[in-house]
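Data block below; observations after.
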Amino acid sequence: MKTALVTGASRGIGNAIALELKQKGYSVIGTATSQAGVDSLLEKDIEGYILDLNSNDSIDQFWRLLEENNKSISVLVNNAGITRDNIVLRMSDEEWSDIMNVHLYGTFQLCKRSLKMMLKNKWGRIINISSASASIGNRGQSNYAAAKAGVEAFTKSLAKEVGKRDITINSVAPGFISTDMTEQNEGVNSDYLVKEIPLGRFGEPNEVASLVGFLCSEDASYITGQTIHINGGLYM
Ligand code: NAP
């Protein structure tokens, strides 16, 4: 049985992806930032680990535990994410660096570490969760949009580096999906935003999870280096 690692699996899109991959027959490892999150994963029969991508020590400790438990990752979904919204004139260095650490540096670290296992397995799938913000920008989200655009560019470059080893790497860029993140950021404006979406609604986490499940499968064996948009037509 192949093992899939999904970061930020305790809630939202990551939780839906972890359940989708489990249903597709993978042994799934999910991460959360707290023990309560890990426990909630265990209740769903998903092996949970604590991981804070804003901390090098936490990344090292997480990886050490995986290796001690003889885990070999075939599928990596870099999903964990945060927002630290502010206009540039008011943005603190910390608001900038938290976003770069969690989204960009975290993705680099987990790709680099998982790739060594995938090369040994002679097969691998990496899905990096980006955002429509990377393509269209968003007022108050310059840090987030820049990090996600970085993730997409990183994805393309890595796809060129490892393609000959039967390892594909793609980005998935959601528009507005109903999760805690959108509730926190967009809740008050959602009626206004829905008018901008041709399909007339926010997406659901399981709709993103289906796309990720497809990209992880053999049916997607000739797709690499792409950014696949899933946004109800918000950006086309
Ligand atoms: P969410 O519901 O807020 O869940 C975020 C997940 O990331 C949680 O599992 C959380 O763990 C984890 N996380 C938070 N900080 C972390 C850190 N420092 N280190 C490691 N993990 C951390 O978010 P979501 O809406 O599902 O978003 C998932 C991904 O989709 C993100 O990359 C986001 O940028 C992207 N995205 C979302 C939307 C949208 O509309 N929702 C649109 C475009 C892109 P805890 O439960 O422990 O806090």
Total residues in the range 106-121, condition buried (at least 18 other Cβ atoms within 10 Å of the Cβ) and within 16 Å of the ligand (Cβ to nearest atom): 7
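Go through Val28, Val77 for me and flag whichever is within 11 Å of the ligand (Cβ to nearest atom), of a type in the set (A, V, I, L, M, F, W, C), touching a strand residue (DSSP E or B) at 6+ places or on another chain (Cβ under 6 Å) and modelled with pLDDT of 95 or more.
Answer to the selection: Val77.
Would you check which residues across the range 214-236 are of a type in the set (S, T, N, Q) and either surrounded by fewer than 17 Cβ atoms within 10 Å (Cβ to Cβ) or in contact with a Cys (Cβ under 9 Å, 6 or more places away or on another chain) (or both) and list them?
Here is the first cut: in the range 214-236, the residues of a type in the set (S, T, N, Q) are 217, 221, 224, 226-227, 231.
Matches in the range 214-236: Ser217, Ser221.
Residue by residue, here is whether (1) touching a residue at least 40 places away in the same chain (Cβ under 8 Å); (2) under 17 Å from Ile129 (Cα atoms); (3) touching an Asp or Glu at 6+ places or on another chain (Cβ under 9 Å) holds:
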site	(1), (2), (3)
Ile50	no, no, no
Asp60	no, no, no
Asn70	no, no, no
Val77	yes, yes, no
Asn86	yes, no, yes
Wholly within the range 125-236, which helices (runs of 4 or more DSSP H) include no fewer than the required count, namely at least 2 residues that are touching a Ser or Thr at 6+ places or on another chain (Cβ under 7 Å) and more than 26 Å from Leu19 (Cα to Cα)? 142-162
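What residue, among those in the range 183-236 that are under 19 Å from Val77 (Cβ atoms) and free of Cβ contacts under 8 Å to residues at least 24 places away in the same chain, is nearest to the chain's Cα centre (by Cα)? So that I can check it myself, show each step before the final result.
The initial filter retains those residues of the range 183-236 that are under 19 Å from Val77 (Cβ atoms), namely 203-221, 223-231.
Okay, now just the ones that are also free of Cβ contacts under 8 Å to residues at least 24 places away in the same chain, so 214, 218-219.
Values: Phe214: 15, Glu218: 20, Asp219: 21 Å.
Going through the qualifying residues, I end up with Phe214.
Among the residues of the range 145-153, is there at least one that is charged (D, E, K, R), closer than 22 Å to Gly213 by Cα and within 10 Å of the ligand (Cβ to nearest atom)?
Initial filter on the range 145-153 (charged (D, E, K, R)): 148, 152.
Among the residues that remain, those that are also closer than 22 Å to Gly213 by Cα are: 148, 152.
The next check asks that each one be within 10 Å of the ligand (Cβ to nearest atom); those that pass are 148.
Yes; the residues of the range 145-153 include at least one that is charged (D, E, K, R), closer than 22 Å to Gly213 by Cα and within 10 Å of the ligand (Cβ to nearest atom).
Among the listed residues Gly8, Gly124, Gly12, identify the single one that is within 15 Å of the ligand (Cβ to nearest atom), under 23 Å from Leu158 (Cβ atoms) and not hydrophobic (A, V, I, L, M, F, W, C). Give the steps one after another, and end with the answer.
Numbers: Gly124 fails: within 15 Å of the ligand (Cβ to nearest atom); Gly12 fails: under 23 Å from Leu158 (Cβ atoms).
Criteria check complete, one pass: Gly8.
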Within the range 154-197, track down each residue that is surrounded by fewer than 20 Cβ atoms within 10 Å (Cβ to Cβ), more than 10 Å from the ligand (Cβ to nearest atom) and among the polar types (S, T, N, Q). Ser157, Asn189, Ser190
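Quick one: count up the residues across the range 31-52 that are under 22 Å from Glu207 (Cα atoms) and within 11 Å of the ligand (Cβ to nearest atom).
Total satisfying the criteria: 4.
Kindly indicate the residue of the range 20-47 that is part of a helix (DSSP H, G or I) and surrounded by 15 or more Cβ atoms within 10 Å (Cβ to Cβ) and also farthest from the chain's Cα centre (by Cα) among those meeting that condition. Reasoning before the result, please.
Going residue by residue through the range 20-47, those that are part of a helix (DSSP H, G or I) are 20-23, 35-43.
Within this subset, residues satisfying the condition of being surrounded by 15 or more Cβ atoms within 10 Å (Cβ to Cβ) are 20-22, 37-38, 40-41.
Details: Glu20: 14, Leu21: 14, Lys22: 16, Gly37: 17, Val38: 17, Ser40: 19, Leu41: 17 Å.
So the residue we want is Ser40.
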Do we find that Leu76 is surrounded by fewer than 21 Cβ atoms within 10 Å (Cβ to Cβ) and aliphatic (A, V, I, L, M) in this structure? no
For the list (1) under 17 Å from the mean Cα position of the chain (by Cα); (2) surrounded by 17 or more Cβ atoms within 10 Å (Cβ to Cβ), I need the number of the one condition that Ile50 fails. (2)
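For the range 96-105, name all the residues that are among the β-branched types (Val, Ile, Thr) and within 8 Å of the ligand (Cβ to nearest atom).
Let us first name the residues in the range 96-105 that are among the β-branched types (Val, Ile, Thr), namely 99, 102.
Val102, the sole residue that qualifies.
Have a look at Ser55, Ser92 and point out the one that is surrounded by fewer than 21 Cβ atoms within 10 Å (Cβ to Cβ), modelled with pLDDT of 95 or more and within 12 Å of the ligand (Cβ to nearest atom). Please lay out each step first, then the result.
Details: Ser92 fails: within 12 Å of the ligand (Cβ to nearest atom).
Just a single option satisfies the conditions, and that option is Ser55.
The values are calculated or read from the model by the stated rules, or taken from the named source; none is laboratory data. None of these values were measured; they are calculated from a predicted model. Cβ sites come from the backbone with ideal geometry, for glycine too, and all protein chains shown count toward neighbours.
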